[in-house]
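S.K.: Mind having a look at this structure? Questions to follow.
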2 protein chains.
Amino acid sequence: MSQEHLSLLAAIIAEKGITHAVVSPGSRNAPAIIAFSRSGRLKLTSIPDERSAGFYALGMAQQLGRAVALLCTSGSAALNYAPAVAEAYYQKVPLLVITADRPAEWIDQGDGQTIRQQEVYSNFIRKSFHLPVNNSTPANHWHFSRMVNEAVDRTLFPARGPVHLNLPLAEPLYDLQLNPEPGDIRINKLIEVEHRIPESALQELVAQWNKAGSKLILAGQLPPGHDLKHWLCQLADDPSVAVFTETTSNLHVPGSIRCIDRTIEGITDEQLPGYTPDILLTFGAAVVSKKVKALLRKMKPAQHWHINPDPDDFHLDTYQSLTLTIPSEAAVFIRQLAAVVTPAQSDYRACWQLLSERHLIKHGDYLANAFFSDLTVFETLFRQIPDDTHLHLGNSTPIRYAQLFDEASRYATWSNRGTSGIDGCVSTAAGAAAIGKHPVTVITGDIGFFYDSNALWNNHLPSSLRIILINNGGGNIFRVIPGPDRYEELEPYIETSHRFNAEGIAKNFGVNYYSAGDQPTLLKVLPGFYGKQNNNQPALLEIFTPAVSSAEALKNYFKFIVS
Amino acid sequence: MSQEHLSLLAAIIAEKGITHAVVSPGSRNAPAIIAFSRSGRLKLTSIPDERSAGFYALGMAQQLGRAVALLCTSGSAALNYAPAVAEAYYQKVPLLVITADRPAEWIDQGDGQTIRQQEVYSNFIRKSFHLPVNNSTPANHWHFSRMVNEAVDRTLFPARGPVHLNLPLAEPLYDLQLNPEPGDIRINKLIEVEHRIPESALQELVAQWNKAGSKLILAGQLPPGHDLKHWLCQLADDPSVAVFTETTSNLHVPGSIRCIDRTIEGITDEQLPGYTPDILLTFGAAVVSKKVKALLRKMKPAQHWHINPDPDDFHLDTYQSLTLTIPSEAAVFIRQLAAVVTPAQSDYRACWQLLSERHLIKHGDYLANAFFSDLTVFETLFRQIPDDTHLHLGNSTPIRYAQLFDEASRYATWSNRGTSGIDGCVSTAAGAAAIGKHPVTVITGDIGFFYDSNALWNNHLPSSLRIILINNGGGNIFRVIPGPDRYEELEPYIETSHRFNAEGIAKNFGVNYYSAGDQPTLLKVLPGFYGKQNNNQPALLEIFTPAVSSAEALKNYFKFIVS
């Protein structure tokens, strides 16, 4: 049986803009690997652990802004992609997940590496396709081509995300007749559209905006380099408008509050009305700050407008106050709005800025006298990491600490805040570094690092990659969130890795290892860590911090801020 | 809000026979961890990587013959269980998979660690339950109790496998009012039944059996220690009956053919009719031998009876010859059959035995002159590993080599042949060793080892565990199966780990490391490796074998066998 449809697959996805494929070794998918390789139009990277491969492809796709193809063998391989697929779904990162399969007649007939792969990602996928087993009839050819075309487009429209192509392959697998360029490549195109609010509807919103004495804009996660900033600055040049920008928003306009957790700490119920906006305007993806979610849920602003063109997210009501979904791109709507609204007399913005400045001074005072802990380590890192670095912030400790430092906004930041799992932060950073646009540093906690240590089992780690591992003995997040510290019986189940450091793993995989356990050592090793590595390998810096007192330091920090 | 239903959960599952829970750290599931811990009736083990935790629990459940509970936090944690859940489904191992979740009203509302968890395992689960968020009303209490009761029973009846309990928990998570023993525990019992063939139907099958001049019995995977052997011996004491027992069947009756691949190698189309049975009788789970599957599919025996009480496997037609499904336990039906059939005059058994003996002699001749390779390493191991060891055989190389050695049947064997993935073999062995009934050795290839290296990131590795890692530089299985060697472009995608050995990982996690790269060293280190470790840690033996010549040696072995 000819497998020429595999050449067709490679040709169509390349023609539709896919340039990179991350493949994992296997037998069932080997013919497709060969076809991808022979196409000459796809850059292939081999990653053996599909869990890591999935996140590596995600990291590549974040940088490219278009889908990266994943290709694995049949069976549980596909399930190991699931964490990255779910992350891509919720973070809205385009991925084309191709899983080789047996033909339908061989499912559940006792053969190895065979599971029911159709709809296996159904809870977290844009669309799933089950391809015909070959393109031997005109109908098959048309069906196959049409589905591959649609699959690539569905990774981008109407919203970005992962799409599943299940690819059954019949035996003999290796009797290939691969044409490098099949004659009949059918390309169906799809044009990108902007979602603009019609003039009449816009006028009504403008009237409400102008009438409102206080507007709070909250920007969630956005990739760096978007074209929103100019219009947001114009909209925010208004004393009645306060702007909160999370570290992950990569969007910092003059006067915006970048350290939300620090700023809003200690607002009492009595003070609440003074800070409650008439209109809350939100856009971007996930918001990291649990404190701002809790605050806004308590405030219940009279109006909450959420800008989001993704049909899967209509009626996303994070603050239990949603009044209006604006199914538009944030840049499009804010440009429309900013062009026509008028500033209002108000002390609303000033009120937030006063609070922000008061807490910033406290922040400085606290850190000036702080002992070595997770908190001071982050302060040091955000001063010392080179400016042009793209920072990947692991879950959950690193991303939460970053939110406390204005300096973190010096960097382009990335974080897997779709599902907010700890499962693939280092692999994601490795994939981003492989694209090579920018130097990449990932900051991870010890649980996140060990969880994803197969990120290092990889023959393609770029030498520019820097991994900073803050090892506080594991699971400190559970000491910091309110509650668990009152239950001593939890201790054995949160202290998961205190016996281990990462030196052996780093050496095992040829990654240069640096370590520090105090401030002077940290300052001493950082230049070498960021310098050129003689052996052209990536480098890992493990910083040992005290577990219990780091958790204490953070709690005391927040007490001190409001004291 | 009281979380007393969590005490109820712990009490019901303990009352219904669950003794062990494998928990992974998290916030959403922390109240359940506390409740499980306070129940005093569950032995808790904490494993941070849910992928490894899933397989660890699977390994425990294999030994216990009843469900082990898994408990993880919300979000992608649940997805990391998926490979083990699928393996448990296809291997028929009872698992109770408990995933903490947010209440339904908070799904897809922008909060972290939140995915659509309901039905997330739908392609490979016995049954899924979505529990009520508390038991505060009598209806809730009844509903909650009833579902937990059913969930535990569905891990065992009508067939073993994984069951999913999705457990939404409302905030505040840590305002617990946990009663150690809730007053109103409702237990619904379910009695085990045997599936017996009625006398009239049996008589008809007996008549066909007695009439048939040749019967081939093929035993697939079975756990050690089942009660089938006596009756199978009686049924097989018949010259018209040949018995094939795979290594994983743990069932070796006098005269049975234990090395199927070696025996059937080289049977020509002309010889086929002489070996084709009138009736093929099969039972047990997965069959490893691809060669016997191909042979039987070519033979197409006139009748194929498959014994299997699992409704999910009715009409399982592995050999494209199925004529009769016998929905009974193998031990029950074979006892019924053996008690009444009569032996027939035939040279069918002798014919197979002659072939088997001829190839056994060739096997000995070949190995007597073989250089050091994967093949000779397995020969050595099956002579040197202590007798009372339970062997865990990784996918796919170790399990396939084991099938070539009669000596492998000295050991109780286990292998994840449900999905036949490489993803959790070491973790499974670690879980089995933790139960402590037997000393456990796992034999794994290098890809399987590195894939699952988080098996070692575990504070609970029993000192009795022995890990034998055969490092041939990665992916040699793809050199051995027919086909890929003809495509040089596959080389970079199958050679996945040649730069790496496991010493650093072993040292990282405090596992004693041994290594050997030739036969004398191997023989020298084995006694120390199997001896008591002074530091009471488990031990890992890495055996370096030549990649290309190991693949050649295996190909030449099969050529020599039939020469």
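S.K.: Can you tell me which residues in region B:396-424 are over 21 Å from residue B:226 (Cβ atoms) and either open to solvent by 10 Å² or more (accessible area, probe 1.4 Å) or over 15 Å from the mean Cα position of the chain (by Cα) (or both)?
M.R.: B:396, B:397, B:400, B:401, B:404, B:405, B:407, B:422
S.K.: Can you name the residue in region B:37-52 that is touching a residue at least 60 places away in the same chain (Cβ under 8 Å) and in contact with a strand residue (DSSP E or B) (Cβ under 7 Å, 6 or more places away or on another chain) and is also surrounded by the most Cβ atoms within 10 Å (Cβ to Cβ) among such residues?
M.R.: Result: B:47.
S.K.: Turning to a different aspect of this structure: Taking residue A:552, is it open to solvent by 20 Å² or more (accessible area, probe 1.4 Å), modelled with pLDDT under 95 and closer than 28 Å to residue A:263 by Cβ?
M.R.: yes
S.K.: Among (1) touching a Phe, Trp or Tyr at 6+ places or on another chain (Cβ under 8 Å); (2) within 14 Å of chain B (Cβ to nearest Cβ); (3) charged (D, E, K, R), where does residue A:291 come up short?
M.R.: Just one mismatch for residue A:291, condition (1).
S.K.: Just one of the numbered conditions (1) in contact with a strand residue (DSSP E or B) (Cβ under 6 Å, 6 or more places away or on another chain); (2) aromatic (Phe, Trp, Tyr); (3) open to solvent by 10 Å² or more (accessible area, probe 1.4 Å) is not true of residue B:371; which one?
M.R.: Residue B:371 satisfies every listed condition except (1).
S.K.: Among the residues of region A:328-346, count how many are of a type outside the set (A, V, I, L, M, F, W, C) and part of a helix (DSSP H, G or I).
M.R.: Qualifying residue count for the region: 2.
S.K.: So residue A:9 ticks every box in (1) at pLDDT 95 or above; (2) surrounded by fewer than 24 Cβ atoms within 10 Å (Cβ to Cβ) but one. Which box is left unticked?
M.R.: (2)
S.K.: In addition: Residue by residue through region A:60-111, note down the ones that are of a type in the set (Val, Ile, Thr) and at the interface with another protein chain (Cβ under 10 Å from one of its Cβ atoms).
M.R.: A:73, A:85
S.K.: Can I ask one more? For region B:517-560, how many residues meet the condition of being within 22 Å of residue B:386 (Cβ to Cβ) and small (Gly, Ala, Ser)?
M.R.: Count: 3.
S.K.: Which ones in region A:501-547 are open to solvent by less than 10 Å² (accessible area, probe 1.4 Å), closer than 30 Å to residue B:72 by Cβ and either assigned to a loop (DSSP other than H, G, I, E, B) or of a type in the set (Val, Ile, Thr) (or both)?
M.R.: Those that are open to solvent by less than 10 Å² (accessible area, probe 1.4 Å), closer than 30 Å to residue B:72 by Cβ and either assigned to a loop (DSSP other than H, G, I, E, B) or of a type in the set (Val, Ile, Thr) (or both): A:502, A:505, A:509, A:511, A:543.
S.K.: In region B:426-442, is there at least one residue being away from chain A (no Cβ under 14 Å), closer than 14 Å to residue B:224 by Cβ, open to solvent by 10 Å² or more (accessible area, probe 1.4 Å) and among the aliphatic types (A, V, I, L, M)?
M.R.: Checked region B:426-442: at least one residue is away from chain A (no Cβ under 14 Å), closer than 14 Å to residue B:224 by Cβ, open to solvent by 10 Å² or more (accessible area, probe 1.4 Å) and among the aliphatic types (A, V, I, L, M).
S.K.: Additional query: Can you report the number of residues in region B:107-144 which are in a loop (DSSP other than H, G, I, E, B), open to solvent by 50 Å² or more (accessible area, probe 1.4 Å) and under 19 Å from residue A:119 (Cα atoms)?
M.R.: Total meeting the criteria: 3.
S.K.: Looking at region B:354-383 only, could you name the residues that are under 29 Å from the mean Cα position of the chain (by Cα) and closer than 19 Å to residue B:472 by Cβ?
M.R.: B:373, B:374, B:375, B:376, B:377, B:378, B:379, B:380, B:381, B:382, listed by residue number.
S.K.: When you scan region B:502-515, do you find a residue that is more than 14 Å from chain A (Cβ to nearest Cβ), farther than 24 Å from residue A:501 by Cβ and in contact (Cβ under 8 Å) with a residue 12 or more places away in the chain, even just one?
M.R.: Scanning region B:502-515 turns up no residue that is more than 14 Å from chain A (Cβ to nearest Cβ), farther than 24 Å from residue A:501 by Cβ and in contact (Cβ under 8 Å) with a residue 12 or more places away in the chain.
S.K.: Sticking with this one: Of a type in the set (Lys, Arg), modelled with pLDDT of 95 or more and not assigned by TED's automatic domain parsing to the domain that holds residue A:452: does that describe residue A:28?
M.R.: Considered against the rule, which asks whether it is of a type in the set (Lys, Arg), modelled with pLDDT of 95 or more and not assigned by TED's automatic domain parsing to the domain that holds residue A:452, residue A:28 comes out as no.
S.K.: Something else about it: Do we find that residue A:157 is in contact with a helix residue (DSSP H, G or I) (Cβ under 7 Å, 6 or more places away or on another chain) and either in the same structural domain as residue A:31 (by TED's automatic domain parsing) or open to solvent by 40 Å² or more (accessible area, probe 1.4 Å) (or both) in this structure?
M.R.: When the stated conditions are applied, residue A:157 does not pass them.
The values are calculated or read from the model by the stated rules, or taken from the named source; none is laboratory data. These numbers were taken from a predicted model, which means no experiment stands behind them. We place every Cβ from the backbone using ideal geometry, glycine too, and count neighbours over all the protein chains shown. Note: accessible area is taken over every heavy atom of the protein model, side chains too, but ligands, DNA and RNA are not part of it. Shrake-Rupley method; radii C 1.70, N 1.55, O 1.52, S 1.80 Å.
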